[in-house]
Amino acid sequence: MSYLAPETLEQALSALADPGPMRLVAGGTDVFPALGDRPLRGGLIDLTRVAEMKGIAARDGGWRIGGAVTWREILKTDLPPCFDGLKAAAREVGSVQIQAAGTLAGNLCNASPAADGIPALLALDAEVELASRDGTRRLPLADFVTGVRQTALRPGEILSALHIPVQPEGARSSFLKLGSRRYLVISIVMVSAVLWCRDGRIAGARIAVGAASPVARRLPALEAALTGLAPEALGAVTTPDHLAPLQPIGDVRGSADYRRAAVAELCDRALRKALHG
Amino acid sequence: MNTHSDMQAGQDTALPGPTTSKTRLVVNGTERVLEVDNRTTLLDALREHLRLTGTKKGCDHGQCGACTCFVNGQRVNSCLSLAVMHDGDEITTIEGLGTPEDMDPLQAAFVAHDGFQCGYCTPGQICSAKATLEELRAGIPSHVTKDLLANPPLSPEEIKERMSGNICRCGAYANILEAVLDVAEAR
Amino acid sequence: MDFNTAAETNIFDRPKILGKAVPRRDGPLKTTGRAPYAYERHDVAEGQLVGYPLGSAIAKGRILSMDTEAARAAPGVRAIVTTLDMEAMPVPSEMHTAHLFGGDKVEHYHQAIAVVVAETFEQARAATALIKVEYDADEGAEFDLLAAYEKMKDTPVDPEVSKGDFETAFANAAHRIDRTYVTTPQNHAQMEPQATVAAWDENGNVTLWTSNQMIQWAKKAVAKTFEMDVEKVRVDSPYVGGGFGNKLFIRSDVVLAALGAKAAGQPVKLAMPRPFVMNNTTHRAGTVQRIRIGTDAQGKIVALAHEGTSNTLPGGSGEDATNQSQHFYAADTLLIATRLAEMHLPEANAMRAPGEASGLMGLEMAMDEMAEELGMDPVQFRLVNDTDTSPATGKKFSDRNFARCLTEGAERFGWENRNTTPGSRREGDWLIGHGVAGAFRPSPATTSGARVRLQADGRIIVETDMTDIGTGSYTIIAQTVAEAMGMDIEDVEVRLGDSAFPVSSGSGGQFGAVSSTAGAYAACTALRREVARRIGHNDADGLSFARGNVTAGAKETPLVDIAPEGEIVAEDKVKFGSFRKDRMVATFAAHFVEVGVNAWTGEVRVRRMLGVCDAGRIMNPTTALSQVIGGMVMGVGAALSEEIAVDTAKGVFINHDLANYEVPVHADIPEQEVVFLDTLDPVSGPLKSKGVGELGLCGVAGAVANAVYNATGVRAREYPITLDKLLDGLPEV
């Protein structure tokens, strides 16, 4: 297996253009476990040294999160309350050891239905920046993850950064995840919420649910139903109709019906947590 | 040069570039230069090349924490990265924390509180315990931290949360907690 | 030493070091990463190559062909041995079911079918993936225990125990329940996967540095498998990274390393990759348990039936969930029956407390249900049915303090303040519940030998092939010898796990501590006799050994002066006489658990655990406590999360890693309190102690399950009790 550690995006893209099966790796926390007991093959391009993929920077009122940024860096960075949900997700990805190595971009590219990062980033309306030798394009995250382990990443492309747009003033957020043991959990369901208020009323909300469909989904009907509500009125607001975009499956971690019921409860809790901390 | 086979494609695909790399690691304060197979994990470089077998292989998939050691002061699962990715990095393993004759306070506390049984997860537990105390002192919040603005407390709940990436099948958790609390309070 | 009558007052009754909380002797090595486990023994053999295993991709059928050409040409490859290169090797022992290697027949998924030996791990792993295998899968194979149970449950079987007329007594009982419980297969999931370094010498002797609980069994099994003289086999296993039964017997790592080493002409080391462990090795079988209990109006059990069904490979023994039900509670009539559902899942075999761990998950939930049916306090119901005699055998228990476990536990736990109406106690979002369960586990003992070597400097080296799998053998054997010889424990060095040492009991069935310490005591008794002879006395019993001296009358001689010219070696073994079998020697416990169940999601959090244990003399409260809290952790896993998921179409254990097979983590475990009753059982052995290693697990899952019911009013009879099984029945919030 050949190994390349490019230091610029241009070097990385040119390495990726080489013939042969090249695999991209950053934290390695998904790449290596996914091998099971099979060997590494082909070539490996280590993205952790690529300068353009490092760091979190404020940009155009929003933020650019480099493609090699780890969960741990998110946790250590001073960010406004609208990032609390993402930070909460960061604290529940694997273990602290995993958080130190794993990257947000890797979590998106791995595209597991149970990816912890996707609901929080969907709720932040994140976009992905995809670099190739032909230039750079941007896609809404919702369009990037297309199925179980499937993304819109084209051959020769690298997810070089995430962009978080400017968030409404006073936006707050939360993230909740449910599993049968308390840690190292592969999620049964998870919910992230971002919401903001004006004049004592909820002015807007974004809610995304993971592990309850092949791809994490926003819940537009629930978001619409929340708008205009008084925060004090936030009890059990989530109804079965709101969950229409979801197609939960039954597996060893929980039945489909259980997931549906749990999502409703988790949505309500996530909203309360976003509002009241 | 090695040749590689892609089972799915059913044909051999030769790739450019060398299959081994010269990698410089500073391990427990000593510079070590290794010629490693690019596929060698940091864990296997420690265990097989340097014969530092205190760092354990429990799952090789980042699911148990037995391979926890420090890279540039931060705890990681050494099975989840390749040695070649750590060129120039400073690595601290359980062997670098203390010796049987001169144990680190955490190592001594694990013995005093019987924070282990079979001992296989123990080096990873101790590395994580050391990191846990450092992370708490640095004020890094965890999932169970209630007030994100204040420094997290040295509470059993915080310690258990932060230690949860290290599985102990012998079930020594309660004693491990006592050992960590003991050292936390002594500081 | 023959242990043929109950122990009388002896040196252990005025202990100076036995019974003390001596820190683990192996602690400094283990906590500093210096204790060498099997795969880490770089120093024992020069030129170690690395082996990598290949497992079958089908569960049942035949291998038609194996193409190793590409693998043989791969870089670094030194040898490949495939299962088609030989006839099936003999099954290693009567306690194994599946073949470990050889022949074209596949008996279960991931059965070992090849080993690739290369210069490095990376090369061996890469080359293994190049082997192409053609299978002829048997499509008709059965893999579904529940389906098999449905087919066989109405076919009568000969009962194992039939006492009185159960059917009539049950039909006429004032109160009765008839329930079925399910436990899923479980994996030992010890942290160290199986690993072996194998080396052959020019005379055909083989040495295996491995990770094994039972050295003598391993030695014999290697000889049988390789059809060689047992004296040509040496096994060494001084540190074992957990076993729990998964390392009771040799597994394919031993065979593959030895085959690879032979083929390569060089030592080979091989560790099982974690994803290989789950399907290649053994597991605790799943069970379906039908339990019927009938009582009189006062709650006295008049009829008890326990019928257990479990999965096994053809010819295996499955999981006997019924054993404790024969002995634990007074029952006027008994019906005990087992059924084996033969199927081609991986090999079911012993896991910590085989039988009782699963059986009590059923029985203790049934006891809780019966108590509720009676409107009785579940502690009281168990007390009413306490017995000093096994109802099945009519034999008396040598010492039984189960009632004390219950009453002292109830008081300490604050049982009187428990929630009495299921589903009625709330704290915020959490429903709070309390549960109790009893625990029973036999405490056998078996022949065990040791050698003690008094050195010229007065120190003693103890050698026995006993193992320390985290149980504390190094420490309690040192304590025993220090006590018997009147020495400082620092002057006793214990060497374990080498088949060159005297044969011991090994570690299993919670017989290890009782047997191996008695064996060490036997060797010390022989040494005391020799010391007596050296100082001119015939009667060793008349001597006193204390503070590093031997005293005869007024004459005190330091042990340092006994063997100035060299060492004195004494060896003996303990043999337990048949009188021990005239009694039931067993251990008991009561477990009390408080749980919180989230009223919205059904998440269960254990909040408090108490175990009160009756296990004879506690040789070291530190290591014994660790055994019990560890068992309690495993019990929480069994109750709430541990489940091997079976692909019932393909016969594959799907969740074959530590992410998907969920054992408890730190955050799952609350404060644990353990009380050891201060008891002595002179029938058990010369030290009057009994096992605790398995007792700590028994009953725990039942207590958790009963607490969950008490919290929610939802009785989930299929373990593990995951949140989805509770949600439908949770009380309205």
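Does A:Leu195 satisfy the condition of being hydrophobic (A, V, I, L, M, F, W, C), crowded, with 24+ Cβ neighbours inside 10 Å, touching a helix residue (DSSP H, G or I) at 6+ places or on another chain (Cβ under 7 Å) and more than 14 Å from chain B (Cβ to nearest Cβ)?
So A:Leu195 fits the description; yes.
Return a yes/no flag: does the stretch B:147-166 have any residue that is surrounded by fewer than 22 Cβ atoms within 10 Å (Cβ to Cβ) and either in contact with a Phe, Trp or Tyr (Cβ under 8 Å, 6 or more places away or on another chain) or facing chain A (nearest Cβ under 10 Å) (or both).
Among the residues of the stretch B:147-166, at least one is surrounded by fewer than 22 Cβ atoms within 10 Å (Cβ to Cβ) and either in contact with a Phe, Trp or Tyr (Cβ under 8 Å, 6 or more places away or on another chain) or facing chain A (nearest Cβ under 10 Å) (or both), which makes the answer yes.
Conditions first: (1) open to solvent by less than 40 Å² (accessible area, probe 1.4 Å); (2) on the phi < 0 side of the Ramachandran plot; (3) touching a strand residue (DSSP E or B) at 6+ places or on another chain (Cβ under 7 Å). A:Arg269 passes all but one, so which condition is the exception?
(1)
Output the residues belonging to the stretch A:112-122 that are in contact with a Ser or Thr (Cβ under 6 Å, 6 or more places away or on another chain) and either surrounded by 22 or more Cβ atoms within 10 Å (Cβ to Cβ) or modelled with pLDDT of 95 or more (or both).
Hits for the stretch A:112-122 are A:Pro119, A:Ala120.
Checking C:Leu18 against (1) more than 14 Å from chain B (Cβ to nearest Cβ); (2) part of a strand (DSSP E or B), only one condition comes out false. Which one?
The number of the failed condition is (2).
Does B:Glu90 satisfy the criteria of being touching a residue at least 12 places away in the same chain (Cβ under 8 Å), open to solvent by 20 Å² or more (accessible area, probe 1.4 Å) and within 12 Å of chain A (Cβ to nearest Cβ)?
It is false that B:Glu90 is touching a residue at least 12 places away in the same chain (Cβ under 8 Å), open to solvent by 20 Å² or more (accessible area, probe 1.4 Å) and within 12 Å of chain A (Cβ to nearest Cβ).
Of all the helices (runs of 4 or more DSSP H) wholly in the stretch C:191-298, which have at least 1 residues that are open to solvent by less than 20 Å² (accessible area, probe 1.4 Å) and out of contact with any strand residue (DSSP E or B) (no Cβ under 8 Å at 6 or more places or on another chain)?
Helices (runs of 4 or more DSSP H) meeting the threshold: C:215-225, C:274-280.
Could you please give the count of residues in the stretch A:49-86 that are within 14 Å of another protein chain (Cβ to nearest Cβ) and buried (at least 19 other Cβ atoms within 10 Å of the Cβ)?
The qualifying residues number 13.
Of all residues being at the interface with chain B (Cβ under 7 Å from one of its Cβ atoms) and surrounded by 22 or more Cβ atoms within 10 Å (Cβ to Cβ) in the stretch A:1-26, which is nearest to C:Ser56 (Cα to Cα)? Just the residue, please.
A:Met1
For the subset of the stretch A:165-202 comprising residues that are assigned to a loop (DSSP other than H, G, I, E, B) and aliphatic (A, V, I, L, M), which member is farthest from C:Glu643 (Cα to Cα)?
That would be A:Val166.
Being over 20 Å from C:Leu687 (Cβ atoms) and touching a strand residue (DSSP E or B) at 6+ places or on another chain (Cβ under 9 Å) narrows it down to one residue among C:Leu527, C:Leu559; which is it?
None of the other options fit; the residue is C:Leu559.
Restricting to the stretch A:222-241, count the residues that are in a loop (DSSP other than H, G, I, E, B) and at negative phi.
9
Looking only at the stretch C:647-706, filter to residues that are facing another protein chain (nearest Cβ under 9 Å), more than 21 Å from A:Arg253 (Cβ to Cβ) and over 22 Å from the mean Cα position of the chain (by Cα); which one of those is most open to solvent (accessible area, probe 1.4 Å)?
So the residue we want is C:Glu671.
Among B:Leu42, B:Leu50, which is the only one that is more than 10 Å from chain C (Cβ to nearest Cβ), modelled with pLDDT of 95 or more, out of contact with any Lys or Arg (no Cβ under 8 Å at 6 or more places or on another chain) and open to solvent by less than 40 Å² (accessible area, probe 1.4 Å)?
Result: B:Leu42 is the single residue among B:Leu42, B:Leu50 that is more than 10 Å from chain C (Cβ to nearest Cβ), modelled with pLDDT of 95 or more, out of contact with any Lys or Arg (no Cβ under 8 Å at 6 or more places or on another chain) and open to solvent by less than 40 Å² (accessible area, probe 1.4 Å).
Considering only the stretch A:240-255, state which residues are surrounded by 12 or more Cβ atoms within 10 Å (Cβ to Cβ) and modelled with pLDDT of 90 or more.
The answer is A:His242, A:Leu243, A:Ala244, A:Pro245, A:Leu246, A:Gln247.
Rundown of residues vs (1) in contact with a Cys (Cβ under 7 Å, 6 or more places away or on another chain); (2) among the charged types (D, E, K, R), yes/no style:
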site	(1), (2)
C:Asp465	no, yes
C:Ile469	yes, no
C:Ala484	yes, no
C:Ala523	no, no
C:Arg534	no, yes
C:Ser544	no, no
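Anything in the stretch B:58-83 that is open to solvent by 10 Å² or more (accessible area, probe 1.4 Å) and within 7 Å of chain C (Cβ to nearest Cβ)? List them, or say none.
Once the filter is applied, which keeps residues that are open to solvent by 10 Å² or more (accessible area, probe 1.4 Å) and within 7 Å of chain C (Cβ to nearest Cβ), the stretch B:58-83 yields B:Asp60, B:His61, B:Gln63.
Looking at the structure I just gave you, is C:Asn246 within 26 Å of B:Ala66 (Cα to Cα) and either touching a residue at least 24 places away in the same chain (Cβ under 8 Å) or over 21 Å from the mean Cα position of the chain (by Cα) (or both)?
yes
Just one of the numbered conditions (1) in contact with a Gly (Cβ under 8 Å, 6 or more places away or on another chain); (2) within 30 Å of A:Arg138 (Cβ to Cβ) is not true of A:Arg217; which one?
Failed condition: (1).
Got at least one residue in the stretch C:449-457 being closer than 25 Å to C:Ala552 by Cα, of a type in the set (A, V, I, L, M) and in a loop (DSSP other than H, G, I, E, B)?
yes
Residue by residue through the stretch C:30-40, note down the ones that are out of contact with any helix residue (DSSP H, G or I) (no Cβ under 7 Å at 6 or more places or on another chain) and either touching a residue at least 12 places away in the same chain (Cβ under 8 Å) or more than 7 Å from chain B (Cβ to nearest Cβ) (or both).
Answer for the stretch C:30-40, where residues must be out of contact with any helix residue (DSSP H, G or I) (no Cβ under 7 Å at 6 or more places or on another chain) and either touching a residue at least 12 places away in the same chain (Cβ under 8 Å) or more than 7 Å from chain B (Cβ to nearest Cβ) (or both): C:Pro36, C:Tyr37, C:Ala38, C:Tyr39.
Kindly provide the set of residues from the stretch C:620-643 that are open to solvent by 10 Å² or more (accessible area, probe 1.4 Å), over 21 Å from C:Leu431 (Cβ atoms) and not in a helix (DSSP H, G or I), ordered by number.
Selection gives C:Glu643 alone.
Among the candidates A:Ala262, A:Ala205, which residue alone is assigned to a helix (DSSP H, G or I), touching a Phe, Trp or Tyr at 6+ places or on another chain (Cβ under 9 Å) and away from chain B (no Cβ under 14 Å)?
A:Ala262
Being of a type in the set (A, V, I, L, M) and free of Cβ contacts under 8 Å to residues at least 60 places away in the same chain, is that true of even one residue in the stretch C:320-328?
For the stretch C:320-328, residues of a type in the set (A, V, I, L, M) and free of Cβ contacts under 8 Å to residues at least 60 places away in the same chain: absent.
I need the full set of residues from the stretch B:98-130 which are surrounded by fewer than 24 Cβ atoms within 10 Å (Cβ to Cβ) and touching a strand residue (DSSP E or B) at 6+ places or on another chain (Cβ under 9 Å), in order please.
Selection gives B:Lys130 alone.
Which of the residues that make up the stretch C:558-608 are away from chain A (no Cβ under 14 Å), open to solvent by less than 10 Å² (accessible area, probe 1.4 Å) and of a type in the set (Val, Ile, Thr)?
C:Ile568, C:Val574, C:Thr587, C:Val593
The values are calculated or read from the model by the stated rules, or taken from the named source; none is laboratory data. All figures in this text were calculated on a predicted structure; none of them were measured in a lab. Positions of Cβ are generated from backbone atoms using ideal geometry, with glycine treated the same way; all protein chains shown enter the neighbour counts. Calculation scope for accessible area: heavy atoms of the full protein, side chains included, ligands and nucleic acids excluded. Shrake-Rupley method; radii C 1.70, N 1.55, O 1.52, S 1.80 Å.
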